[in-house]
Structures are given as C-alpha cells and as structure tokens.
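K.L.:
This is the structure I have questions about; it appears just below.
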Amino acid sequence: MSTTRRQFLGTSASAALIASLAGVPKAALAQSVSPVRALTLYSRAQAANPQQYQAAELIAQAWGDLGLDVTVSGLPQNQLSDVVWYNRDSWDVSMWQMVGRPERSDPDDFVSNLFHSANIESGYNFVGYSNPEYDRVAEAQRLVVDRDARQALIYEAQDIVNADQPYVFLVYPTKSYAYNTAVFDDTTLVNQPGLGIKNFLSFIAVEPKGDQKDLIMNVSNELNAINPYYISGAGDSWMTELIWDRIMRIDADGLPTPWAAESVTWNDEGTLATIVIRDDLSFHDGMPVRVEDMIFSLESPQRAGVAPMYKPFVDPIVAMEKLDDRTFTVELAQPNAAFETSTLSKVNIVPEHIWAPLLDALVEGETAESVLEDSRVGSGPFKFDRWNQSEVVLSAIPDHFAAAKVDRVIMRVVLNVEASLGMLRSGELNFLTDYTGDPQLLKDAADADDSIAVVDVTDIGFQFLGFNCRRAPFDDPAVRRALSFAINRRLIAGAAYNGFGRPANSHVSPALPFWYNAATEELPVGIDVATAMLEDAGYSIVDGQLHYPAGMTEQY
Amino acid sequence: MKYVMSRLLYAILVLWIVGTILFFMFRLMPGSPLAAFIDQTTTLEQQQALIARFGLDKSLFQQYTIFLQNALQGDLGQSFFHRRPVTEVVMEALPNTVILTLSGLVVAYIFGVLAGAYLAWRRGSTVEGIGIPLALATRAAPEFWLGMVMLAFFSFYLGWFPAGGANSVGLEYDSEWTRIFSVDYLHHLTLPVLTLAIYLQGLPLLLMRSNMIEILQEEFITMSKMKGLGSRTIVLNHAARNAMLPVATAFALGIGSAIGGNVVVETIFSWPGIGRLLVNAVSASDYPLAQGAFMIITAVLVAMNFVADMTYHLLDPRIRHAASN
Amino acid sequence: MPQAIEPMGTASTDQTAAALLPHLATAPRRSGLIAMLGRAGNAFWRVPRESNYAKVGLIIYLIFALTAIFADQLVHYEPLEILFADNYQLRRNLPPTTDHWLGTSYSGRDIYSQLVMGTRSALAVGLTAAICVVAIGTLVGLVAGYFGGWIDNLLMRLADIALGIPFLPFVIVLASFMGAAQSNVVLGIALLLWPNSARVIRSQVMSLRERAFIEAARVTGAGKWRILFVHIAPNVLALSFLYTSVAVGWAILTEASVSFLGFGPSDTVSWGYMLQDAYASQALGRGQYNWFIPPGLCIVFVVMAGFFISRGYEEVLFPKLKG
C-alpha cells in the first residue's frame, strides 16, 4: 500500500485543522482580520531545472497547510530575471540560486553583497532585506585582516540572517563530477574545497596515462562569449581562467597564493600591496607581460562602462604605481580582507597593446563585453585555438611556468544531459564537468564501468527561496521564520534533490569549514511549530486560510 | 510569363507580411526586449545606452522602417546572445538543416514511391491491407517521439550511433565540404535522417498509390477497348511515370514544410540546425535571432511553394491550358 | 492545383477528392435544411457500416472519448501529485506494479494516471482546434466560392499567406508571445490550418452554385445568404467533417510537439508534457520504456483514427477513389 503526501503530511494537516478551528472564535471576536492574498511562487521551468521546480512544488504543498494559496510558476531564466530581478517591487516569493565560483571561497562576496542594504535598488540584494545591524557586521568583516576576529564577525552575520530568514535556504547541492580513470592518473587530480576536481589546478596538473592527451570536458549551456572582461556563464569562465592568467590564484587549500606574481606583500595597515611580477611571462602572441599590462588590467575595469561585472572588484583600488620593470604597488582606501581573493585572483591579465585600442574604440552604450577579440590573447597555460557552435578548443603552452600535462582542453557543448552521460560512457568525453541530471544514473554508470570514477563535492553555492522583504507579510521576520520552519529541508534534499544536497540554513557553505557557522543548523521544523509562531505574531488561520493580525489589511 | 510574375509577387508579399507580423509580435512581447542581453550587473544607465544602441528608443514605426531597410540589404540585426550578426549565425546553421531535410526527404520519397507503386500493383491483397494502415500510423506518430524511441534503442541501448551533434569531439576540417562529406558526419546524420524519413514516407507512398490506381484504371480501359492487352509491365511503367508528377510537386512542398517541422528532430538529436536555433532563440528571448531564423525558414517555405507551383504549371498541360484561358 | 495537396501532408487523396467532387455530389434536390441535415446524418451512419477504416477509427475515438469522460474514475492518483513512500522518500522511477500500472516518473508521479488524464487534454485540444479550423475553413470556402470576384481573391490570397507561414515555428513563437497555454496552441492551429479545407470547399461551392436547384431557389426569391447557408452549406458538410477528423490529429500532434519543446503549460498534463518530462528526466537512458512508449502510442492511435475516419468517408462518399 502506498502512502501519498497527503497521508504522511496528515499529522501536520490535522495540526492546521486544529489551528483553524482554534482560529474561528478569534475571527468571530475580531471581524477585522483580512486574508493573505494568493501567492505565486516563481521557479525555473521544470524542464530547465527539475530539482528546483520540484522543491517549489513541495514548498507550495507545505505552505498550503498553513493556509496559504500558493501556485508554482515555472519560467525560463530570462523571464524569471525579468519578473524577479528587474521588477523588484512586484513579486512575492521566488526560487533562486547562488552558484559557487573560485573567488567565492572567501565568504566576503556572499556576506557583503547578498544582504547589504546598499544593494537593494539594483545589486545582489534583490529580496530587499534591510537591517542596519547586518550592514555594520558585513562592512566590518571586510576591514579585519586578523582571521579569527574576522571569523567571529562572519559567524555573527550568519546568526543575524538565521534570525531574520530573508531567504529560506534549502540545500547546498552536491555536485558530481566524473572522469575516465583509463585516460587520467587519478592521483594527479586536485580536489579543491567547494569546487571539487573541476578546477584550474586540476586542469594543469592532471596527467594523461596513455595516448589520449586531450582533456575533453562538457558544458550544458551554449556559450555566448569568451572575453576577459565578461563572465556570461559557467562554461566561459572555465575557459577564461585557462587562457588568461591572474596575479594570484586560489590554491588547493582555498586561499589565494601568488601566481603571475612572485610575491604580494602588504604594509602593516593592510592598505598597500607591493607586487613583484614573474619574469618568465609572455602573452600568446609572443609579447612579454609587463608591469604596465598588470596595471592596465586592474585599472581599465574601473572606467565607467567598460566591464560592469569586474568594476566592483577593482573599485577598492585608489592608486597604482610602477616602481620598476617588475614591481608595482596597489593602494586601497582601507584594508580589505577579501581583496586578494576577489580582486587579485579574479581579474584577468590582458595585453595592453591589444585592449587599449579596443577600449578606446568603444562607442556610447557599448562595453568591453560586446567586443569580439577573435584571437583571444592571454598569458595563461592554454591558448585559444577555436570556438564553433559545438566546442571550444584550447591548446597547452609548453613553456608556460606551470605547463599543463595534457595537449589540449576541449570543451564540448552538450545540451542534453542524457547525451553527456552517454558520451562519458562511450569515451567521447573523458571529464564530465557539467552534469545536471539524475546523480543516481551517474553512480550507476560508474558502478557498471570500472574506468568511470565519480567525485562528489558540496557546493559553495546554494539553492534557496527568496522572500520579497519589501512586501507584507514578508516584511515581518516572524512570518518569514514561520514559513521557513514549515519546510522540512531534509525532505527537500531527499525528495527534490534525490539526496544529493546538504540541508542548508546559511549563506556561508560548509564547503568553507573555517567560516561556516554550524550553529545555524539547529532550527525547529514542522507545521505545528510554524503555526504556533504565526499565531504568536497575531496571524490566524481561519477556514484554512491565513489571515493578517487584526487591524492589518492586504496591501496588494 | 504573366502567371510566373504574379506568383513571384505573391511570394514576396507573403515574406513581407510574415516579416511584419513577426516584427510586431516580438516588439510587443511581454518583458524587456533586452532581457537576454542585459546582465544582472548592468546599471540603469547602461541599460538606457543599450536601448539607444539597438534603436529601441525610437518609435515603433521608425524601428519598423529601419528593420525593413536592413532586411532588404540582408541585414537581420545583431543576435543578443551570440553578439554576432544574425545572418552569420543563421547561415552557419542552414547547411546542416538543408542536408538533414534533403536526405530525409530523398530517403522517404525513394521508399515511398517504390512502396506506393508496389501497393497499387498489389491492390486488394493482404500486403495492401497491412501496408496502408501502417503508412497512416507512421504519419500519425509524432516525429519527436519516433526520435526518442530511436535514440533510446540505437544510441543509448545498442550504442551504435552517437547521441547527438553533427561531428565528433575535437575533429577539425579544412573546409565545410570535407566536414559534410566525412564519414563522421554521416554517422551523426543517420538517426535524424531515419527519423525524418519514417515520418515523411507516408505522404509519397499514399499519393503514389492513389495516382497509380487512377491512371491504371484509365489505361486498362483504353487497353481493353483496343483489345490489345499488351504487357502488364509496360502499362505499370507508363502509369508509374505519370503518377510521379504530383509526387514530384509534393517533394518540393515537402522541403518547405519539413524545414519548419524539423524543429523537433533537431532538438531531439541536438542537431546544430536552424530549427534548434529558433527554439533556443525563442526561449532565450533573443528576438533578433528568432526573427531571423523564422524569416529564413519562411523564405525557404515560400520559395518551395513557388517552385512547386511552377513545376506543376510547366509540366501539367491541363493547368497550362486553364491558365491561358 | 498543387496547393490543394495538404502541405502538411494528410490524407493523400484529398486533392483528388476535390477534383472529383463536382461530379460526385449527389445531385441534391431542392429541399429544406432539415432534409439536408438528415441526408448528411444518413451518410454519417452509412459510412462506418460500409468502411472498415471508418469503423476502426470511430471505435478508437469512442474508446478515447469514454476514457476522457470517465478519467476521474479511472485514475488512481492525482496526475500531478508527488507520491512518497512511508520513509518520506519519493516513490520515483518505480517499474510497473499492481499499484502503479505504468510505474512512476522521476518526480514521483503515477504514469498511468497521467496517461488517462492526458486523454482529456488531448481530445479537448484536438476537438476545439479542429472545430475552429474547419469552421473558419468552411465559412471562408462558402463565401469565397459563392460570391467570387474580389472577395474570393482576397480570401484566397489570405490563404496563400497562411500557407506561407511555417506552421510549427509559428505556433512556438505564438505560445511564447501569448503565454504557455493550450488555448494559444489552439489559436495558432486555427490561424494557419484553415486554408486547406477552405480551398476544397470553395471549389465545391463554385460548382454547386451553378446547379439547377440553386437556380431554382434563386428564382423563388431566396436571398443570397439563405441560399448559401440553407441550400449550399448542407452539401459541403460531409467534406467539412472529413477535414475535421484529420484536423483533430494535426492539432494533437502540434500540441504534443509544442509541449515537448517546453512551450506548453506546466500545470496541465498532456501526452506531450509527459514525453517532455520523460525526455528531460533521462527516461531514455534509464530505459524506462514504460514511461515514454505509452503516451506516444496514444498519440499515434488517436491521430491515426482521424486518418482512418477520413479515409473511410472518402471511400464511401467518393467511391471512385476506392479503386
């Protein structure tokens, strides 16, 4: 005999029933309570992100038991951005995700950007969460260079978010990567926290065992650019970091380490970095990498309208100065704990002789993002060969100081998830870098085939539901908490993410163990808890419908 | 000649009207027309500048005249997603689509004509009793479902054919021709062509059969009147040749309609053709590209309708006679 | 005329039927609307008795119609309900069992119940679209054929334009423009598919209007519209019906394709939706034939039934084609 969700949610449903019965006399006394409107929960379309869509449906079911009428609406990415990101005042609740990137191995990006009130208008704080206390902590953690002191602040930021629940954090997805053990020596792969085996260090360190010296990986979306001033999606950022070097790179321990620089040294105040560049660097067109190129690379995104995506990362810089042919200084207005991670490890070193004229030629309304530099000259361990509709081909630079062991990196665009798995099985792919399908199928494939190995990693990024904190009733932290606690994360992780995700309740992932505040894991869950919280806050469930406290009326 | 000119004019008129409908549909679509182009980090000023750059701040009518002028010069605008001229992106995909469609049609028509003639010859037999419902059934099967079944069986289960794409990983060719004529390309082409052919063969089969039957009846009547009951095969040959004319016209029309219908087959097999381009462009709200791809598909359809018209006009004396009256 | 061949290629013989119709139309006597309809009704019932094709087609339709009507009684679960096992785990990817006749989907839904409910939306889309298509087609055909002149010219040029628009791409663009709803798919089908029936009906009307009984009606002082709708229209009903049965199939195929490509509504279970779900959830690689074969077969059967019926009617009413 099967159990349907209605049956197993039965206990909670009866709780809601009791609550609603209890609510009747209240409503009879105070006739002024008005019901909460019907809600639309936005999500990616089911076809594009089945896990997210399913999570949304589970949430809608759970909230239904709290007396909310929730309809799930699956939209394509662009329409979803349009509804939620660009029209910030008019939505109520939406599924969203933040993805892991190498520079996010420092918590600063998420901690300062997601919930700071300065970003409500057009920045990352699209949910419109505003709390001066949080702003203070988020700003303070940036200025503290001492790691333990900063840890305390990062913990505090997580506690505030936990108390206010601007997001319903759902899971830190477990990402699965797979590779062909017959082609690659598995001891040479580098497993980076939060990123797994698919990272820059792996790509240059991995050693082929036999004649197959091409690393063939996949990406599940079409690329729309390979441009050092632009990140248009995951796939192209993997390519840019191979083609263009950075001054520092994130090392296997998740911390930044000098890369194109021999050394990066700071003054005691933490406001002036002296950078000595390597003397063995050259661009793929043969020109040497000079101090001027480094300064140009850090300075050009500061100009208005050149590289909007990179501008925030270089904005802390107030001055740069060339000391000699191998040395320059970077001056900041104030100490910045994340600067090495989010600026020096992020900004691509571009050749001034190519990009200066290109940037000068930009017309009004154009940014460097729309420039097509077909040759794509960098100084990284791989040079750009070609890019057509279906693949990007890079070839290794043998005399790079960190020369790769493989001959080429080929990134194949495979839109169909099933096809990418099939290609891994047939050997057409030897490194599955972008698998969005059923993780169980990948496990099965690995079990059936000795030459396929799967490596899982907990993501730095997370899946969540955002409340529009501008709009009642979501402007009330008590309501957000109640709605959040009504959702069983374990159920979401199991049912929507097939067990391949870790229940989440913080914007700092456990993939960053030093910064992760494990105390946030303890949260009460259940419809009864949620109902009690709502009633404490003055809300009532009448006839199975959630009502505002007396005196409050529906504004929308 | 006058007839040719008037049909040609209609063809151009159709293109113009379709272009106009599309233009207004995409301009009036809900959501920012630049949604696909504007990143989550672009500022309001940058959005304004972009809107000016794409001429979206002009009046709808001004935009329309600019669109028409550009389209006449073969300029279909700039793709938001690919950041390249639409014409360029579309022309890269078109050869793949044309090859897929033509191969599918050729296979379908060779099979359909032979099988149709055979069924006409075996009229009233069990073969016909099974053949016709079968032909109707394949015409009733959704193309994408046929493709799914083929993919599940021949690719994922048996592993005989690649799961999608047009070329294997990492192969490089000197020219487009060497790419298209490579064994690798053929290997990738097989399943999509087969899917398309199974779907398309029903029409020529049924058409051929009914034409054959009709002509055979006339022929046999004449023959029996002449009392010279000659070789059956000669009659069959003669009838087959005459029955081919409508089939040939249907072939031309088939190119036009199949190119539009290819959308699903291309999507199933990740075939880098114009149909998949259109679907992707529509779902990414890349409307210059969607518009461009749609226009090219329409142009092929209209051109093929025109060709079919002309073939019929030139080859069928009855029609020629009617038109001259 | 080549245009008379259905460009989307349906029953091969339609174009020949059109050519033959003027001779075949059973020289109608002067009579009232009721008698005309009565005769059409007789033809309706005569056909399945005389043609096996029509018989099989109608039986298939009947089965699907009954399934659609009693869908609520036939399903075991809500088609979109996410099912859980006792241990709070999703009941996903189950093979067929006595509990789940066709197993469950990746998202833990009962496939059999979806299949049954899909019948309803398939028939709803198919019938509404077909009625729209044929209603427009018949009306245009009647008006163009009877009045001729510039009206005819205008309407036939409109038909040219509609035939010049790529069908499936147009419906996709329309669905993304107007929103993913089945009514928009129906609209797209209605806007583009009417010319086929309009042309054939027009040519029959053109020959009918020269007949003696029409002349007689005219002499007795019947108005233009009366002649058109009372005397001529009933004579093209059989032809309209023929096109309806084919258009049902086209509409279902189109709706399935549009849903499959992800432009369909995500809250309505249709066979196209099921196939899209199966494809996106890797049913192909998992070899879940129990998931993606049944909806496809249902589409084949219901569309084929339309073809069978139209074929049967051609055979009986226009017997020269039977050969």
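K.L.:
Leaving out ligands and nucleic acids, and using a 1.4 Å probe, what accessible area per residue does chain A come to in Å²?
P.N.:
36
K.L.:
Please list 3J(HN,Hα) in residue order for region B:260-270, calculated via the Karplus relation 6.51 cos²θ - 1.76 cosθ + 1.60 where θ = phi - 60°; whole Hz, with x for glycine and proline.
P.N.:
x, x, 4, 2, 6, 5, 5, 5, 4, 9, 6
K.L.:
7 Å from Cα along Cα→Cβ at both C:L66 and B:Q62: what's the point-to-point distance in nm?
P.N.:
6.7
K.L.:
If one computes the Cα centroid of region C:213-291 and of region A:132-208, what distance in Å separates the two points?
P.N.:
What the calculation gives is 54 Å, centre to centre.
K.L.:
Evaluate 2.2 N^0.38 Å with N set to the residue count of region C:200-251, then give the Cα radius of gyration divided by it. Present the calculation step by step, with values, prior to reporting the outcome.
P.N.:
Details: Rg = 13.3 Å, N = 52, 2.2 N^0.38 = 9.9 Å.
Dividing the Cα Rg of region C:200-251 by 2.2 N^0.38 Å gives 1.34.
K.L.:
With a 1.4 Å probe, how much accessible area is buried between chains C and B, both sides summed, in Å² to the nearest hundred?
P.N.:
5100
K.L.:
Check which residues have an amide H placed less than 5 Å from A:E207's amide H, if you skip close sequence neighbours.
P.N.:
Here the answer is A:D185, A:T188, since their amide H atoms fall under 5 Å of that of A:E207.
K.L.:
Residue farthest toward the positive end of the dipole of chain A, with Cβ of Lys/Arg at +1 and Asp/Glu at -1: which of A:A319, A:A178, A:V409?
P.N.:
A:A178
K.L.:
Can you tell me, using C-alpha contacts under 8 Å and at least 6 residues apart, the relative contact order of region A:248-360 as a whole percent? Before the final figure, lay out each step's value.
P.N.:
Working: 163 pairs, mean separation 34.6, N = 113.
Reported relative contact order: 31 percent.
K.L.:
Any idea what log10 I(q)/I(0) is at q = 0.04, 0.05, 0.06 Å⁻¹ for the protein assembly as shown, Debye with uniform C-alpha scatterers and no solvent?
P.N.:
Relative scattering, expressed as log10 I(q)/I(0), comes to -0.26, -0.40, -0.57.
K.L.:
Could you tell me what percent of the DSSP beta bridges with both partners in the protein assembly as shown are antiparallel, to the nearest 5? The partial results should precede the final answer.
P.N.:
On the way: 65 of 80 bridges.
Counting DSSP beta bridges with both partners in the protein assembly as shown, the antiparallel share is about 80 percent.
K.L.:
Under 15 Å from the Cβ of C:I172, count the other residues' Cβ atoms, weight Lys and Arg +1, Asp and Glu -1, and hand me the total. Working shown, then result.
P.N.:
Details: positive: B:R276; negative: B:E143, B:E266, B:D286, C:E255.
Residues near C:I172 contribute -3 overall.
K.L.:
Over the C-alpha atoms of region B:93-316, what are the Rg and the largest Cα-to-Cα span, Dmax, in Å?
P.N.:
Over region B:93-316's Cα set, Rg and Dmax evaluate to 20.4, 70 Å.
K.L.:
Going 7 Å from the Cα of A:E269 along its beta-carbon direction, which residues of region A:318-334 have the amide nitrogen within less than 14 Å of the resulting point?
P.N.:
A:318-319, A:330-334
K.L.:
Can I ask one more? Taking the Cα centre as origin and putting +1 on Lys and Arg beta-carbons and -1 on Asp and Glu beta-carbons, what dipole magnitude results for region A:248-360, to the nearest 20 debye? Don't skip to the end; give the middle numbers.
P.N.:
On the way: 8 positive and 19 negative charges, 71 e Å.
The calculation lands at about 340 debye.
K.L.:
Report the Rg/Rh value for region A:137-258, based on alpha-carbon coordinates and the Kirkwood definition of Rh. Numbers along the way, then the final one.
P.N.:
On the way: Rg = 18.6 Å, Rh = 17.8 Å.
Checking Rg against Rh, the ratio lands at 1.04.
K.L.:
Let me ask you something else. Over the whole of C:286-296, what's the average partner chain Cβ count within 10 Å per residue? Rounded to a whole number, please.
P.N.:
Going residue by residue through C:286-296 and averaging, the value is 3.
K.L.:
Right, here's the next one. Set Lys and Arg Cβ to +1 and Asp and Glu Cβ to -1, take the dipole of region A:353-393 about its Cα centre, and tell me which of A:N388, A:P357, A:V371 lies farthest positive.
P.N.:
So the residue we want is A:N388.
K.L.:
With charges set only on the Cβ (+1 for Lys and Arg, -1 for Asp and Glu), what does the dipole of chain A come to about its Cα centre, in debye to the nearest 20?
P.N.:
Numbers: 40 positive and 75 negative charges, 308 e Å.
Here chain A has a charge dipole of around 1480 debye.
K.L.:
Going 7 Å from the Cα of A:E522 toward and past its Cβ, which residues in region A:134-163 have a backbone nitrogen under 20 Å from where you end up?
P.N.:
A:152-163
K.L.:
Using only alpha-carbon positions, what ratio does the radius of gyration of region C:199-286 give when scaled by 2.2 N^0.38 Å?
P.N.:
Details: Rg = 22.7 Å, N = 88, 2.2 N^0.38 = 12.1 Å.
It is 1.88.
K.L.:
When the gyration tensor of region A:392-446 is built from Cα positions, what are the square roots of 5 times its three eigenvalues, in whole Å, from largest to smallest? Don't skip to the end; give the middle numbers.
P.N.:
Working: eigenvalues 152, 27, 17 Å².
Equivalent ellipsoid semi-axes, largest first: 28, 12, 9 Å.
K.L.:
Hey, rough spin-label estimate for B:L186 and A:E133, points 7 angstrom out along Cα→Cβ, what's it come to in nanometres?
P.N.:
It is 7.4 nm.
K.L.:
With heavy atoms of protein chains only and a 1.4 Å probe, what residues of region A:301-326 have at least 40 Å² less accessible area in the full set of chains than alone?
P.N.:
A:P308, A:M309
K.L.:
Here's a follow-up. Taking the Cα centre of the protein assembly as shown as the origin and placing charges on Cβ (Lys, Arg +1; Asp, Glu -1), which of C:A180, B:Y312, A:Q158 is farthest toward the positive end of the dipole?
P.N.:
Working it through, the farthest residue towards the positive pole turns out to be B:Y312.
K.L.:
Please compute how much accessible surface disappears when B pairs with A, both sides summed, using a 1.4 Å probe, and round it to the nearest 100 Å².
P.N.:
Numbers: alone 18270 and 22480 Å², together 37590 Å².
The buried area between B and A, both sides summed, comes to about 3200 Å².
K.L.:
Rounding to the nearest 20 debye, state how big the charge dipole of the protein assembly as shown is about its Cα centre with +1 on each Lys and Arg Cβ and -1 on each Asp and Glu Cβ. Write out the running numbers ahead of the final one.
P.N.:
On the way: 81 positive and 112 negative charges, 1610 e Å.
Roughly 7740 debye for the protein assembly as shown.
K.L.:
Are there any residues in region A:419-454 with a reduction of at least 40 Å² in accessible surface when going from the isolated chain to the assembly of protein chains? Probe 1.4 Å, please list them by number.
P.N.:
The answer is A:E428, A:D438, A:L441 - residues whose exposure falls by at least 40 Å² when every protein chain is included.
K.L.:
Residues of region C:234-248 with amide nitrogen under 11 Å from the 7 Å Cα-to-Cβ point of C:N52?
P.N.:
Within reach of a label on C:N52, which here means backbone N under 11 Å from a point 7 Å along Cα→Cβ, region C:234-248 contributes nothing.
K.L.:
Under a plain spin-label model, where a point goes 7 Å from the Cα along Cα-to-Cβ, how far apart in nm are B:A52 and C:A212?
P.N.:
Computed distance between label sites B:A52 and C:A212 equals 8.0 nm.
K.L.:
Moving to a separate point now. How compact is chain A by the rule of thumb for globular proteins, expressed as Cα Rg over 2.2 N^0.38 Å?
P.N.:
Values: Rg = 25.4 Å, N = 556, 2.2 N^0.38 = 24.3 Å.
Ratio of Rg to 2.2 N^0.38 Å for chain A: 1.04.
K.L.:
Let me ask you something else. What is the Cα coordinate range of region C:48-134 on the first, second and third principal axes, sorted by size from largest, in whole angstrom?
P.N.:
Taking max minus min along each principal axis of the Cα atoms, region C:48-134 gives 57, 28, 20 Å.
K.L.:
Give the average, rounded to an integer, of partner chain Cβ atoms located within 10 angstrom of each Cβ in B:274-287.
P.N.:
Working: counts 1, 5, 3, 1, 6, 7, 2, 1, 10, 12, 6, 7, 2, 3.
The mean count of partner-chain Cβ atoms within 10 Å per residue comes to 5.
K.L.:
Now for a separate question. Can you tell me the relative contact order of region A:283-441? Whole percent, Cα pairs under 8 Å, sequence separation 6 or more. It would help to have the intermediate numbers written out before the result.
P.N.:
Details: 182 pairs, mean separation 27.2, N = 159.
Normalised by residue count, the contact order of region A:283-441 is 17 percent.
K.L.:
Next question. Given A:K346/B:K58; A:K346/A:K405; A:K198/A:K383; A:K213/A:K311; A:K346/A:K443; C:K55/C:K224, which pairs have Cα atoms separated by over 29 Å?
P.N.:
Values: A:K346/B:K58 39 Å; A:K346/A:K405 24 Å; A:K198/A:K383 19 Å; A:K213/A:K311 38 Å; A:K346/A:K443 34 Å; C:K55/C:K224 38 Å.
Violating the 29 Å Cα-Cα cut-off are A:K346/B:K58; A:K213/A:K311; A:K346/A:K443; C:K55/C:K224.
K.L.:
Output the relative contact order of chain A, whole-number percent, from Cα pairs under 8 angstrom with separation of 6+ residues. Intermediate values should be presented prior to the final figure.
P.N.:
Values: 1122 pairs, mean separation 146.6, N = 556.
Answer for chain A is 26 percent.
K.L.:
Work the Kirkwood hydrodynamic radius out for region C:149-264: mean of 1/r over every pair of different alpha-carbon atoms, inverted, in Å. Display every interim value, and only then the final one.
P.N.:
Values: mean 1/r = 0.0616 Å⁻¹.
This gives a value of 16.2 Å.
K.L.:
Also: If one computes the Cα centroid of region A:307-356 and of region C:114-163, what distance in Å separates the two points?
P.N.:
Comparing the Cα centres of region A:307-356 and region C:114-163, I get a distance of 65 Å.
K.L.:
So what is the diffusion coefficient of region C:38-322 in µm² per second by Stokes-Einstein at 10 °C and 1.306 mPa s, using a Kirkwood Rh over Cα pairs?
P.N.:
On the way: Rh = 20.8 Å.
Stokes-Einstein gives a translational diffusion coefficient of 76 µm²/s.
K.L.:
Leaving ligands and nucleic acids out of the surface, order A:E428, B:E88, C:E78 by accessible area at 1.4 Å, largest first. It would help to have the intermediate numbers written out before the result.
P.N.:
On the way: A:E428 50, B:E88 85, C:E78 115 Å².
Heavy-atom accessible area, descending, gives C:E78, B:E88, A:E428.
K.L.:
For region A:248-360, take every pair of Cα atoms, bin their distances at 5 Å starting from 0, and report each bin as a whole percent.
P.N.:
2, 12, 22, 26, 21, 13, 4, 1
K.L.:
Pop out the ³J(HN,Hα) list for region A:417-428 in order, Karplus 6.51 cos²θ - 1.76 cosθ + 1.60 with θ = phi - 60°, rounded to Hz; leave Gly and Pro as x.
P.N.:
So the J values, rounded to whole Hz, are 4, 5, 5, 5, 5, x, 5, 5, 4, 7, x, 5.
The values are calculated or read from the model by the stated rules, or taken from the named source; none is laboratory data. What you see is a predicted model, and the numbers here were worked out from it, not measured in a lab. Glycine gets a Cβ as well: all are built from the backbone with ideal geometry, and neighbour counts include every protein chain shown. Heavy atoms of the whole protein, side chains included, go into the accessibility calculation; ligands, DNA and RNA do not. Shrake-Rupley method; radii C 1.70, N 1.55, O 1.52, S 1.80 Å.
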